[in-house]
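Nothing in this text is a laboratory measurement; each read-out follows from the coordinates by a stated rule. Since the structure is predicted, the reported quantities are computational estimates derived from the model, not experimental observations. Every residue, glycine among them, receives a Cβ derived from its backbone with ideal geometry; neighbour counts consider all protein chains shown.
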Amino acid sequence: MIRTYDDLELGYVKEVLERGQLGWITPGGMQEQFEKAFARFVGAKVAMSRNNAMNGLAEAISVSGAGAATEVLCDPIVHFGALAAVWFNAVPRFVDVEYDTYNMDPASLRANVTELSRAVVVTHHWGYPARIDEIRQILDETNKEIAEKLADEMRADVSAAVQERVRKLVSEWSQSTWDHAPVSVPDDARAILEAHVCGLIRDCIAAVRAAAGGE
Ligand SMILES: Cc1ncc(COP(=O)(O)O)c(C=O)c1O
């Protein structure tokens, strides 16, 4: 077997053993030092190490909002992302890979993102880096498209509900005010009222989206 450690690594092992604390909650311990050094090396603000890769994947899925009736986009070559998805009752949806690297194909990712998508698990297979920048850009774009589509659907739902409510209120009001001689409210007056209330609601939605950082 090729020896891949020398006195440097053996010194670290000795240091840990002499410290007498093998748990992970050891301020300034090896884990913290490793995370800081790794973050510096890859140019990230922070790095978090885990005891194994499945735990890391499970944690990532758990904070993504994936669960029953949602999907996690995974590569089909190794099964670990899909396993993490099913642990949280989410459905793995397999995205195709590129012929040369076997890594996730950004074009196939774009074709597979849906309103049910909550997370994407990307594997860098066998030392070939996946096209993460492109994948991130596609996710930013598709997130925006889906958010706009959902907002449009919500606006349509709200408009329909408001129209129905206004229709009902106007009828009830005309009945109760002139109990014995109900007045009929002209359809065009009703339509103006409905349009006015729907306009107010549209303005409210736009204001909420603007406050949340949307357009
Ligand atoms: C790409 C990938 N993800 C996750 C795992 C799971 O790793 P672990 O055994 O550390 O939980 C493996 C294991 O080979 C892997 O190759």
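Does the chain classify as rounded, prolate or oblate by the C-alpha gyration tensor (a ≥ b ≥ c root eigenvalues; a/c under 1.5 gives rounded; else a/b over b/c gives prolate, otherwise oblate)? It is prolate, given that a/c is not under 1.5 and a/b is the larger ratio.
Mean-square fluctuations from a GNM of the chain, with a 10 angstrom spring cutoff on Cα atoms, peak among G199, G65, G56 at G199. Treating each Cα of region 139-211 as an identical point scatterer and summing with the Debye formula, the log10 of I(q)/I(0) at q = 0.11, 0.13, 0.16 Å⁻¹ comes to -0.41, -0.52, -0.67.
Under the definition of Cα pairs under 8 Å and six or more residues apart, what whole-number percent is the relative contact order of the chain? Each step should come with its number before you reach the end.
Details: 193 pairs, mean separation 23.9, N = 215.
Relative CO of the chain lands at 11 percent.
Result for the chain in a Gaussian network model with C-alpha springs under 10 Å: among A58, A69, A119, the largest mean-square fluctuation is at A69. For region 121-192 versus region 92-111, the spacing of their alpha-carbon centroids is 32 Å. 3J(HN,Hα) along region 35-50, derived from phi through the Karplus expression 6.51 cos²θ - 1.76 cosθ + 1.60 where θ = phi - 60°, amounts to 4, 5, 5, 5, 4, 4, 4, 8, x, 9, 5, 9, 10, 10, 9, 10 Hz, with x in place of Gly and Pro. GNM remark for the chain: springs join alpha carbons under 10 Å apart, and the peak mean-square fluctuation among S64, S184, S108 falls on S184. In this structure the amide hydrogen of R93, modeled in the peptide plane, comes within under 5 Å of the amide hydrogens of V72, L73, C74, none closer than 5 places in sequence on its chain. Highest mean packing first, where packing is the average number of other Cβ atoms within 10 Å per residue, the peptides 76-87, 5-16 line up as 76-87, 5-16. Farthest towards the positive end of the charge dipole of region 60-142, among the residues H125, T114, V63, is the Cα of V63, using unit charges on the Cβ of Lys, Arg, Asp and Glu. When each of T114, T123 is scored by the number of other beta-carbon atoms lying within 10 Å, the sequence from fewest to most is T114, T123. Seen from every direction in turn and averaged, the convex hull around the alpha carbons of region 89-196 projects onto 11.0 nm².
With the helix formula -39500 (n - 2.57) applied to DSSP H stretches of n ≥ 4, the chain reaches a computed 222 nm mean residue ellipticity of -19000 deg cm²/dmol.
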